[in-house]
Structures are given as C-alpha cells and as structure tokens.
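Participant: Have a look at this one.
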Amino acid sequence: MPDIKRLALLVIDMQTGLYDGPEKPYERQRVLDTINLLIQRARHAGVPIFAARHTGPAGSPIEVGSPLWQLWPALEVDEARDTVFDKTRPSCFLGTALGQLLGAAQVNELVIVGKKTQYCIDTTCRVAVELGFSVVLPEDGHTCMDTATLSAKAIIEHHNATLAGAFVKRVTAADICF
C-alpha cells in the first residue's frame, strides 16, 4: 500500500522587519499574493498551516514582541487557528517544536514558502529532507533581496535549480494541490 501524503504549508519569516525593511524583497507583492493564495487553498482543504517568525536576541530589531518581529499584516496567517512559532536559526527545526508538531499532525510532506531564499528556505528544505519529510518548493513562492554579489533573481533561480531533485520537488504554486 503506498504512503498517503499528509501535507502541511510552512510559511517562513514573512515579518514586518524582513518584508518591509530598508531593502525590499524581490517581487515582494507577487510573492505575498502567491503565499496568500496558497494559505487560502490550504485552509480550504483543511491542510495545517505553520508560520515561523525569526526571533533575534533582546535589544535586536526583531526581538520578541517588537513591531518588526510581527508577521506582515497583509499575510493571511491567522494566529488563532494556524500554528505560529518562533525560531532563532535558519532551520525551522533547530531549537523549535516544529518536528514534534508535524509528527503529531501526521504530516509527511511540506510545502515551503517565504523568506529568505538563501538562508531559511534553503536550510529548512535540506533539514526537512534529512528528517524524513518530502518537500515541495514552489519556485515562485519564496524571495530575498539583492546582495553585493548576486541579484535576488539569480539567488532564487540558483536555489530553485540546486534544491530541485535531491532535496525538493520543484513546482509552481499553481501546480500545488492540497
């Protein structure tokens, strides 16, 4: 008997300080719209939604409770019904209860979206696979900012290509069926 897919949507670091800071993410409105569409589709299908907030130390701009630490107001995560958790590392698993929460929900496949492509998206995809999860990465559902060496577009294209196959199933958001 084949394994039954039990999906969850994982939204990473879509916070005020990272989304609306001095450097704006690449195609920020399109990516927000894409993520919100996936949230709506997941919710309609009864698929659990998890949202990670990157948390800095006390005194940092993204310390717990600070305005920049909050989820971006236009993000359609509902803290009353979705699971929102804090992390302090690029991996959504290290030092968090995410693995246990996913296990309790019998989730075995993650759809991963959010910010920043080269840090938290990349790391979480790789760690999730090491922990035994299947990962679906919507190539149009994550973003970052330009760096001194590479444009955000190049970073996103590189990570989509590098992660595809060995770590994730690369698709477009429109192709995801919850």
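Participant: State log₁₀ I(q)/I(0) for the stretch 59-127 at q = 0.12, 0.14, 0.22 Å⁻¹ as given by the Debye formula over alpha-carbon point scatterers of equal weight, solvent excluded.
Facilitator: Treating every Cα as an identical point scatterer, log10 I(q)/I(0) equals -0.36, -0.50, -1.27.
Participant: For the chain, give the magnitude of the charge dipole about the Cα centre (Cβ charges: +1 Lys/Arg, -1 Asp/Glu; no others), in debye to the nearest 20.
Facilitator: Result for the chain is approximately 220 debye, rounded to the nearest 20.
Participant: Tally Lys/Arg at +1 and Asp/Glu at -1 over every other residue whose Cβ is under 11 Å from the Cβ of I155; what's the total?
Facilitator: Summing Lys/Arg as +1 and Asp/Glu as -1 gives -1.
Participant: In whole angstrom, note down how far apart the Cα centers of the stretch 160-178 and the stretch 87-138 are.
Facilitator: 14 Å
Participant: What are the lysines whose alpha-carbon lies under 22 Å from the alpha-carbon of K115, with same-chain residues fewer than 8 places away excluded?
Facilitator: The reachable lysines, counting only those whose Cα sits under 22 Å from K115, are K24, K87, K153, K169.
Participant: So how long is each side of the stretch 53-95 along the principal axes, counting just the alpha-carbon atoms, biggest first, in Å?
Facilitator: The Cα atoms of the stretch 53-95 stretch 27, 24, 14 Å along the principal axes, largest first.
Participant: With the Cα gyration tensor of the stretch 7-175 giving a ≥ b ≥ c as the square roots of its eigenvalues, does the rule (a/c under 1.5 for rounded; else a/b larger than b/c for prolate; else oblate) give rounded, prolate or oblate?
Facilitator: Rounded.
Where a number appears in this text, it was derived from the coordinates with a stated rule and is not lab data. A quick note: this is a predicted structure, and the numbers were derived from the prediction, not measured. A quick note on method: Cβ atoms are made from the backbone with ideal geometry, for glycine too, and the neighbour counts reach across all protein chains shown.
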